[in-house]
Each structure stands twice: as C-alpha cells, then as structure tokens.
Amino acid sequence: MLFRSAQLGASLGTASSMDSTQISTRALPKNFPAALDLVADVTLRPSFPAEEIERQRAARLGQLVQQRENANALAAKIVANVLYGEGHPYGFTELGTEASVKAMTREQMQAFWRQNFVPNNAALVVAGDISMAQLRPLAERAFGTWQRGTPARPALTTPANVPSKIVIVDRPGAPQTQLRVVTMGAARSSPDFRPLQVMNMALGGLFSSRINMNLREKNGYTYGANSQFVFRKSAGPFQVGTGVRTDVTASATQEVINELKGIAAAPMPEQEMRLAKDSLTYSLPGAFETSQDAAASLANIYIYDLGLNYYSTYAESVNAVTPEQALAVAKKYLVPDRFVVIAVGDRAKIEPELKKLNLPVEIRDTDGRLVN
C-alpha cells in the first residue's frame, strides 16, 4: 500500500513502514500551494539520479553495520527473522539486507514506482488551516494528470506459529541482555484488536503494568519493560521487550513467562480494566495535538481501512471491552508453547541458566543464521 501525506509546516521528506510509504511536507499556509506542487513533482516525476542512489545505498549499508552493533536493533531483526523467516515480507526490517541493498538497481526502482505509485493506490491527507473548497482546486492542479494503474498486492499470509524455544545471539562481554519474549499476534483488521489493546495496556503497555511492576519495581532486573502487539495489514508480532542485567537473564525470562500465563488465567480486576481503558481514551487528544499528528492519525484510516467514523467511536469501542473479552484474547494469543525467547547478550554467561528453563536452545549469528 502506498500513501502520500501533505501536512502543514516547512520541510519535505519520504518515509516508509511495513505497510505504507509516505511523501510528506509541512508549510506555512501562504506557502502551501507551492509545497503541494513540490509533493506532486516528487510523486509523479521522480528522476532517480544515479549519484543520489549511490549515496543512499552507502548510507543504508552503513545503517546495516550499525544494526549489528546495536543490541536493540539487532533484537528487532532477529524477532522478524525467527517469527517470519526469509520467505515473508515481514521477515526483514525496513533496512533490508546487505545483499538486497547492494543488488538493487535504478531500473528496479523505476519499475516499482511505475507500478505502485498510482492514484488508485494512494490518498492525500491534509491537516491545517485549509478547507476542502480551498484544497480541491490545488490538488486537482497538482495531481490531475496522474494516471491510474494496477498496483502489486503482496501476498501477506500468516506464517505458522513457531514452537517455544530460546534463541541466543552472542555478544561477548555485554553487560546487559536485550531480552524479547515473542509470539505471533493479530492483523489490524482483526475483530480482536480492541480487546487486545485493552488487555495489553494492563499486561505491559503502561508504567504500572504487570510486567514492568514485576521486573522493575519488585525484582530490580531492569529500568523498564513493556509489551506490545504490532498491528499490521497481516498479523504482526507480539513481544515483551526489556534490557536486563546479564546475571538475571534467565530469572527475568521466567518472570515474563509467569506474567503472560497469569493474565490468561483469570479476568482482569475492575480497577485494572478501568486504568487500561482510561489510558487509551485519555490519550486520544494527543493524536490530534498538531497538524502533523492529525495527518498521521487520519492516514491510518486509509492504510488500514478503518472507516471514517473510527475516531468518533474510539472511546465507545474501548469502553465496551469486557473482562471476559480481554481474558479470551489473552488465552487465544498468549499460548505458552508458542513463546519464543530471544536473548542478545553474552552467551557464555547466559546460556547455562537459560537451559534450565527446559526449552530447546539455538544459537544464531547477527544475520539470523543458525550457527549450531
């Protein structure tokens, strides 16, 4: 899915995520017509200059080197690799791989643009001091010659669940372990979305959540721990993430697993449900605090086909979630024999204790390849 966003301020940029590409600008109201023309020029008439491609290629290769050296980024890469594998688009981070970056050609970029950057695969989102009556003629002038096409529709299947195991990526001498406990989550379109949101706020979405209170406040294993469902066009990952002292890696892992089992064992108390719901509903104004925030929030309606009344019914749908629904989705998605533990740290120090968790252990290198 490709998406263009025009926002009000003073810069131009492009960005991509797993499910969308954005071309965005911010401009003062008096400069907005010219800024919109610039967005249209970038969208409809990219030139792909060879020297710029090589500059971006070198920058991307540098970022991939940094990814291997950054334990947080490396953990994210291994999560994608383990859950999805190399046969799925979600099996990679947005940086791609060294081989793909080196092999990419200008002709491939042009072909991708011609097929996918078409108006029937895009939306124009504008937030600011401008009315539809003012915007329409500007948009028609800037984008009126844009020709429809047949964009590619990638097959986003949901991979099979990965059985429980421990994956260690060795970083000799590391003072901390970047710890992830992951499993397959749900697509953004899932009817389970709202109960999952509420349940996860209590589990690991808030500072006062069960996981953070356990690992940080009760045990002092970490400065902070959280959990999240990553919602995408197809099922994204669920993960608990934290950095813990090397010597408590196995203990922290067991406490995380205990909390995951615990939230699926009994309905959430009324006070915990209320806090989870309030945190979601009270944060809604922040999604529209600036014009840039508003444009990004409204873009999600297009990207995930949420319906034009999504935000007007947001609080109502959050408050409608029952303890029974939250418990049901916890049981459905947080299945103990599907918990995959990923530990990026000093193998010599963490492996002996992790083995006592009685799960299969495999060792992977920084590219995600098995080494044992």
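List of remarks:
- Residues within the stretch 28-77 that are of a type in the set (S, T, N, Q), open to solvent by 50 Å² or more (accessible area, probe 1.4 Å) and in contact (Cβ under 8 Å) with a residue 24 or more places away in the chain, tallied: 2
- Filter result (of a type in the set (Ser, Thr, Tyr) and open to solvent by 20 Å² or more (accessible area, probe 1.4 Å)) within the stretch 85-128: 93, 97, 100, 105
- So residue 288, is it touching a helix residue (DSSP H, G or I) at 6+ places or on another chain (Cβ under 8 Å), surrounded by fewer than 18 Cβ atoms within 10 Å (Cβ to Cβ), more than 29 Å from residue 350 (Cα to Cα) and among the aromatic types (Phe, Trp, Tyr): yes
- Among all positions in the stretch 299-310, there is no residue which is farther than 28 Å from residue 26 by Cα and either exposed (fewer than 13 other Cβ atoms within 10 Å of the Cβ) or modelled with pLDDT of 95 or more (or both).
- Test: residue 246 is in contact (Cβ under 8 Å) with a residue 60 or more places away in the chain, within 25 Å of residue 173 (Cα to Cα) and touching an Asp or Glu at 6+ places or on another chain (Cβ under 8 Å): yes
- Verdict on residue 184 being open to solvent by less than 20 Å² (accessible area, probe 1.4 Å), at pLDDT 95 or above, within 19 Å of the chain's Cα centre (by Cα) and under 30 Å from residue 122 (Cα atoms): yes
- Taking the criterion of being open to solvent by 30 Å² or more (accessible area, probe 1.4 Å) and touching a residue at least 24 places away in the same chain (Cβ under 8 Å), the residues of the stretch 160-169 that qualify are 161, 163, 165.
- Hey, residue 253 polar (S, T, N, Q), farther than 20 Å from residue 334 by Cβ, in contact (Cβ under 8 Å) with a residue 12 or more places away in the chain and in a helix (DSSP H, G or I) or not: no
- Only residues that are under 30 Å from residue 21 (Cβ atoms) and of a type in the set (Asp, Glu) were counted across the stretch 302-346, and they come to 1.
- Of the residues examined, residue 38 is one that is out of contact with any Lys or Arg (no Cβ under 6 Å at 6 or more places or on another chain) and within 30 Å of residue 137 (Cα to Cα).
- Positions within the stretch 249-285 being in contact with an Asp or Glu (Cβ under 9 Å, 6 or more places away or on another chain), open to solvent by 40 Å² or more (accessible area, probe 1.4 Å) and more than 21 Å from residue 199 (Cβ to Cβ), in sequence order: 251
- Extreme residue, surrounded by the most Cβ atoms within 10 Å (Cβ to Cβ), among residues of the stretch 324-364 that are in contact with a helix residue (DSSP H, G or I) (Cβ under 8 Å, 6 or more places away or on another chain), assigned to a strand (DSSP E or B) and not aliphatic (A, V, I, L, M): 345
- Restricting the stretch 203-230 to residues that are aliphatic (A, V, I, L, M) and assigned to a helix (DSSP H, G or I), the residue that is nearest to residue 188 (Cα to Cα): 203
- Positions within the stretch 202-227 being open to solvent by 30 Å² or more (accessible area, probe 1.4 Å) and touching a residue at least 40 places away in the same chain (Cβ under 8 Å), in sequence order: 205, 206, 208, 210
The values are calculated or read from the model by the stated rules, or taken from the named source; none is laboratory data. This is a predicted model, so every value here is computed, not measured. Because the Cβ atoms are built from the backbone with ideal geometry, glycine has one as well, and the counts that use them run over all protein chains shown. Side chains included, ligands, DNA and RNA excluded: accessible areas come from the protein's heavy atoms. Shrake-Rupley method; radii C 1.70, N 1.55, O 1.52, S 1.80 Å.
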